[in-house]
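K.L.:
Got a structure for you, questions after.
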Amino acid sequence: MIALVYAVLAAMANAPTKVRMLACAANVSVVVLALLVMPGYRSLLAGGSQAIARGQCKALHDKVIMWKMIHRQPPNSLAEMVAPLRPEDEENFLEAVPDDPWGHPYVLEVNGKQLRVRSFGPDGKKGTDDDIVYPSEK
């Protein structure tokens, strides 16, 4: 964006004064508009990342439940499911455990009969307000 503004200004250097003033005003307007829109765009992206993480947590939780139905116990970790579901299966149950949208691993939490899949959220720290957990702790 800034490079485009510089290119336009450089091209306008030899233009008549009125044209240069109009071009400068237009460039300032574009920059101001971009600065106003950017915060909303970032929050839109953040909301999308959270939706992706919620969906992946639910999908992984569903896989854990399927694993538990076959093996009569949950896996010790999500990585344990990167293996055949049954000995006769040729393919792994999961190809790989994906990272969350922020590049952190999802974590399986087993507490008695309660099974949860957690993303530590954008900050990557357990137990903070941005954690995404399925099923919800609330």
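K.L.:
Just wondering, is there one or more residues in the range 98-105 that are charged (D, E, K, R) and within 11 Å of residue 60 (Cα to Cα)?
P.N.:
no
K.L.:
Would you say residue 84 is in contact with a Lys or Arg (Cβ under 8 Å, 6 or more places away or on another chain) and either touching a residue at least 60 places away in the same chain (Cβ under 8 Å) or not aliphatic (A, V, I, L, M) (or both)?
P.N.:
In short, no.
K.L.:
Out of the residues in the range 77-95 meeting the condition of being part of a loop (DSSP other than H, G, I, E, B) and at pLDDT 95 or above, tell me which one is nearest to residue 133 (Cα to Cα).
P.N.:
77
K.L.:
In the range 80-132, how many are under 16 Å from residue 66 (Cβ atoms) and hydrophobic (A, V, I, L, M, F, W, C)?
P.N.:
So the count comes out to 11.
The values are calculated or read from the model by the stated rules, or taken from the named source; none is laboratory data. Bear in mind the structure is a predicted one, so any value in this text is a computation, not a measurement. Ideal geometry is used to build each Cβ from the backbone, glycine not excepted, and the neighbour counts take in all protein chains shown.
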